[in-house]
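These notes concern the structure reproduced below.
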Amino acid sequence: MLSHEANSLKVIFIPFIATSHIIPMVDMARLFAIHGGVDITIITTAGNIGIFQNSIDRDFSNHGRSIKTHILEFPAEKVGLPIGIETFNADTPPYMASKVLEGFEMLQPQIENYLFGETLEVDCIVSDSFYPWTVEVASKLGIPRIVFCPTSIFSRCVELSFEQDQTHTKVDSDYDKFTIFGLPHKLEITRLQLPDWIKETNRFGERMKFNLVHGQF
């Protein structure tokens, strides 16, 4: 563990347990660490740390950047997974992916206990969009929470159009085409092509209404 500078800005990064989310979020955390006076902690599990640990070790040893990790214990045995299976990607079998997600949901108490720890100082939380409950945690701590989205800014523009114009609610059926409002070029889509979290209100639908950072244009 690195010692915190008394006047440094302390930022916690909490990536989702999928490689497509971990890699771009860690890249962003490393960019934050380039700036002097910023102290970075990345929260992850032991099975995922190997994806990026060498990179942040080099950032610290070669460049003196204040960046480190905090390790969580993934409940593999409790959800019926072999030890070390703590993430998923496009090749993960569906039955195993569901168990990884079940274990992911069980990480919340560990993360909260760490964030509310008596000795921890934190000024900002940057958490993946799959951690909607970190909004409430940040509110209790009196600090900002920034949402990390590995998707593109273009996709966010489309989502914002749906939120503001609600065009998808004004068509007669799921198969009727409609034009997405507010884009510089005409783009048509059907309601059938939309993800459920746009068509229906749920806890992940709220995740986009706070400060956002994106992994790509």
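The values are calculated or read from the model by the stated rules, or taken from the named source; none is laboratory data. No experiment lies behind these values; they were computed from the predicted model shown. Because the Cβ atoms are built from the backbone with ideal geometry, glycine has one as well, and the counts that use them run over all protein chains shown.
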Top-ranked residue of the stretch 56-73 - restricted to ones that are under 16 Å from V38 (Cα atoms) and among the basic types (K, R), ranked as surrounded by the fewest Cβ atoms within 10 Å (Cβ to Cβ): K68
Pair list, Cβ < 8 Å and 6+ apart or interchain, from the stretch 171-182 residues that are on the phi > 0 side of the Ramachandran plot to residues that are of a type outside the set (G, A, S) and exposed (fewer than 13 other Cβ atoms within 10 Å of the Cβ): G182/Q164
Residue within the stretch 191-199 that is in a strand (DSSP E or B), modelled with pLDDT of 80 or more, more than 21 Å from F16 (Cβ to Cβ) and out of contact with any Phe, Trp or Tyr (no Cβ under 9 Å at 6 or more places or on another chain) present: no
Residue in the stretch 168-176 that is at pLDDT below 85, surrounded by 12 or more Cβ atoms within 10 Å (Cβ to Cβ) and within 22 Å of M28 (Cα to Cα) present: no
Residue among S8, S55, S20 that alone is within 21 Å of V126 (Cβ to Cβ) and touching an Asp or Glu at 6+ places or on another chain (Cβ under 6 Å): S8
Given (1) among the aliphatic types (A, V, I, L, M); (2) in contact (Cβ under 8 Å) with a residue 60 or more places away in the chain; (3) touching a helix residue (DSSP H, G or I) at 6+ places or on another chain (Cβ under 7 Å); (4) surrounded by fewer than 19 Cβ atoms within 10 Å (Cβ to Cβ), index of the condition L81 fails: (2)
Filter result for K99 (buried (at least 16 other Cβ atoms within 10 Å of the Cβ) and of a type in the set (K, R)): yes
Single condition L160 does not satisfy, out of (1) in contact with a strand residue (DSSP E or B) (Cβ under 7 Å, 6 or more places away or on another chain); (2) touching a residue at least 12 places away in the same chain (Cβ under 8 Å): (1)
Residues that are surrounded by 14 or more Cβ atoms within 10 Å (Cβ to Cβ), of a type in the set (A, V, I, L, M, F, W, C) and over 30 Å from D27 (Cα atoms), drawn from the stretch 182-203: I189
Within the stretch 38-55, considering residues that are farther than 21 Å from K10 by Cβ and of a type in the set (S, T, N, Q), the one surrounded by the fewest Cβ atoms within 10 Å (Cβ to Cβ): N54
The listed residue being under 26 Å from I22 (Cβ atoms), without any contact (Cβ under 8 Å) to a residue 12 or more places away in the chain and out of contact with any Leu (no Cβ under 6 Å at 6 or more places or on another chain), out of S139, S152: S139
